[in-house]
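**Student:** Take this structure, written in C-alpha cells, and hold onto it; I'll ask about it next.
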Amino acid sequence: MDNSKKYILAIESSCDDTSAAVLCNNTVLSNVIANQEIHEQYGGVVPELASRAHQQNIVPVVHQALVKANIDKKQLSAIAFTKGPGLLGSLLVGTSFAKSLALGLDIPLIEVNHMQAHILAHFIKDDAQKEPPFPFLAMTISGGHTQIVLVKDHFTMEVLGETLDDAVGEAFDKSAKLLGLPYPGGPLIDKYAKEGNPLRFEFPKPKVEGLNFSFSGLKTSILYFIQRNTQKNPNFIKENLADICASIQHTIIAILMQKLNRAVKETGVKHVAIGGGVAANSGIRAKLKEAEETKGWQTYIPKFAYCTDNAGMIGIVGYLKFLKGEFAEQNVAAQARYKI
Ligand code: KG4
Ligand code: ZN
C-alpha cells in the first residue's frame, strides 16, 4: 500500500444539501450532492424537513461517493464532517453518521468548520482553479453567509466583517420572491439582469459601520417599491422585469464591492478570493475582473462545484487537519453557532 496517499471521506449536512466526497490527499475523487427539492414549494429551507431528508439521503450519498471514487471503506484514513455552523437538526445527521462510521472502521474523526471550508475550497487541487497566496482576503457569499475574512494561513483567519441580518443570497432570493420568481431566485435575477438597465431604478444602500453588511432594509425598500408601482400599473413587474432585476443586482453588488474595496484599503492585501453560491453571479465576477485591471487586484474564484455547499471543501480541510494530526474525540458535538 502507498502510505503517502491518504484517503479522506468527507460529509457535509449543514443546511439543505446532503453531500459526501472522497479525497486522495488534496485531490477530489468524488463529490456527490443530493439537493432537497422539498423546500422549493415553501420558498425557503424548512429545518425540520431538511433533517428528515438528510436522514434519508446520507447512506446512499456516502455509498455513491465511495463507488465513484472506486475506494473501499477499508482504505479510508479518516472521516471529516461539518461540525457547524448550520441548522442543528441537519448537522446532527452528518455528525452522528461520521462518528459511528469512524468508530466502526477504527479510524480518526476530523471536525470541520463550514465557513473555513468555504475558504479552504481554494486549496483543492484542480486545473480549473488557482491557490491564493497568504495573506489573502476571502469574501464568502451564499444563502446562509456573508463574511469578509483575512486569511493569514490555512487555520489563522480573522473575520473582518459579516452580515448583521440577512445573507446576500437571501437578499437575492427574497427580492426574487417579491417579483413572483421561484426559489431560489438568485440565478433568475442574474439571468434577467443581463437584459436590463442597472441604472433604471435606484434602491437605497444601507449605512453600516466598518466592514459589516446589512441586507434587510433593501428587501423592505424593494417591497414598498413594488407595492407603489403595481398599484399604479398592475403589469409593472412583467413590463419591467429585466430593469428591476438589473437594478437590484447592481445595488447588491455595489454594497459587496464597497466593503471589499474598504477591506483592501484597510489591510493593504490585494489578493481577493470569493466563494459561496453567490460567487456564481455574473455581475460580481465581472466586477472582480474589472478590479484586476483597474485596481491591480489578483482575484480567485473556485470552480462552481466547490463554491456551493459540497463535501469536497470539507474534505480538503480534513486533509489539512490530518497532516497536522488534529483529530476529534468521539464525544464531539454538532454546533449550530460556530465561529471561524
Ligand atoms: O452556497 P449555496 O449553494 O448554499 C448556501 O450555503 O446558502 O448558495 C445558495 C445561494 C442562493 O441564495 C442562490 O440564490 C444564490 O446562492 N445564487 C445566486 C446565483 N447562483 C446562486 N445568486 C445570484 N446570482 C447567481 N447566479
Ligand atoms: Zn455554505
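**Student:** Which residue, of I284, I314, is touching a His at 6+ places or on another chain (Cβ under 9 Å) and within 15 Å of ligand 1 (Cβ to nearest atom)? Reasoning before the result, please.
**Tutor:** Working: I284 fails: touching a His at 6+ places or on another chain (Cβ under 9 Å).
Result: I314 is the single residue among I284, I314 that is touching a His at 6+ places or on another chain (Cβ under 9 Å) and within 15 Å of ligand 1 (Cβ to nearest atom).
**Student:** Sticking with this structure for a sec: Being more than 30 Å from A273 (Cα to Cα) and at pLDDT 95 or above narrows it down to one of Q41, Q116, Q64, so name that one. It would help to see each step written out before you state the result.
**Tutor:** Details: Q41 fails: at pLDDT 95 or above; Q116 fails: more than 30 Å from A273 (Cα to Cα).
That would be Q64, the only listed residue that is more than 30 Å from A273 (Cα to Cα) and at pLDDT 95 or above.
**Student:** Right, next: Is at least one residue of the range 248-262 surrounded by 16 or more Cβ atoms within 10 Å (Cβ to Cβ), small (G, A, S) and in the same structural domain as G180 (by TED's automatic domain parsing)?
**Tutor:** First, the residues of the range 248-262 that are surrounded by 16 or more Cβ atoms within 10 Å (Cβ to Cβ): 248-253, 255-257, 259-260.
Filter once more, so that each one left must be small (G, A, S): none.
No - not one qualifying residue is present in the range 248-262.
**Student:** Quick check on my filter: what residues within the range 16-26 are surrounded by fewer than 24 Cβ atoms within 10 Å (Cβ to Cβ) and within 16 Å of ligand 2 (Cβ to nearest atom)?
**Tutor:** Within the range 16-26, the subset surrounded by fewer than 24 Cβ atoms within 10 Å (Cβ to Cβ) is 17, 24-26.
Residue satisfying the conditions is D17 alone.
**Student:** Scan A121, A167, A117 and give me the residue that is within 16 Å of ligand 2 (Cβ to nearest atom), closer than 30 Å to N235 by Cα, aliphatic (A, V, I, L, M) and within 21 Å of the chain's Cα centre (by Cα).
**Tutor:** Numbers: A121 fails: closer than 30 Å to N235 by Cα; A117 fails: closer than 30 Å to N235 by Cα.
Testing whether each residue is within 16 Å of ligand 2 (Cβ to nearest atom), closer than 30 Å to N235 by Cα, aliphatic (A, V, I, L, M) and within 21 Å of the chain's Cα centre (by Cα) leaves just A167.
**Student:** Still on this structure, I have one more. Any residue in the range 39-68 that is within 14 Å of D17 (Cβ to Cβ) sitting within a Cβ distance under 7 Å of a residue that is exposed (fewer than 13 other Cβ atoms within 10 Å of the Cβ) and at pLDDT below 95? List the pairs, counting only those 6 or more apart or interchain.
**Tutor:** E40/P182
**Student:** Let me ask something else about it. Quick one: how many residues across the range 148-201 are in a loop (DSSP other than H, G, I, E, B) and not basic (K, R)? Talk me through it step by step, then tell me what you get.
**Tutor:** Kept after step one, since they are in a loop (DSSP other than H, G, I, E, B), are these residues of the range 148-201: 154-155, 164-167, 179-185, 194-201.
With not basic (K, R) added as a condition, the list becomes 154-155, 164-167, 179-185, 195-199, 201.
Qualifying residue count for the region: 19.
**Student:** If you check every pair at least six apart or on different chains, which have Cβ atoms under 6 Å apart with a residue in the range 113-134 that is under 12 Å from L23 (Cβ atoms) first and a residue that is more than 16 Å from ligand 1 (Cβ to nearest atom) and open to solvent by 10 Å² or more (accessible area, probe 1.4 Å) second?
**Tutor:** From the range 113-134, the pairs are F123/E131; I124/V28; K125/N26; K125/T27.
**Student:** Could you look through the range 130-164, keep only residues that are among the aliphatic types (A, V, I, L, M), closer than 18 Å to E266 by Cβ and open to solvent by 40 Å² or more (accessible area, probe 1.4 Å), and pick out the one that is farthest from ligand 2 (Cβ to nearest atom)?
**Tutor:** At the first step, the residues of the range 130-164 found to be among the aliphatic types (A, V, I, L, M) are 137-139, 141, 148-151, 157, 159-160, 164.
Filter once more, keeping what is closer than 18 Å to E266 by Cβ: 137-139, 148-151, 157, 159-160.
From what is left, the residues that are open to solvent by 40 Å² or more (accessible area, probe 1.4 Å) are 159-160.
On the way: V159: 15, L160: 19 Å.
Ranking the qualifying residues of the range 130-164, first place goes to L160.
The values are calculated or read from the model by the stated rules, or taken from the named source; none is laboratory data. Since the model is a prediction, treat every value here as computed from it, not as a measurement. Positions of Cβ are backbone-derived with ideal geometry, glycine not excepted, and every protein chain shown enters the neighbour counts. The accessibility values were calculated without ligands, DNA or RNA, using every heavy atom of the protein model including side chains. Shrake-Rupley method; radii C 1.70, N 1.55, O 1.52, S 1.80 Å.
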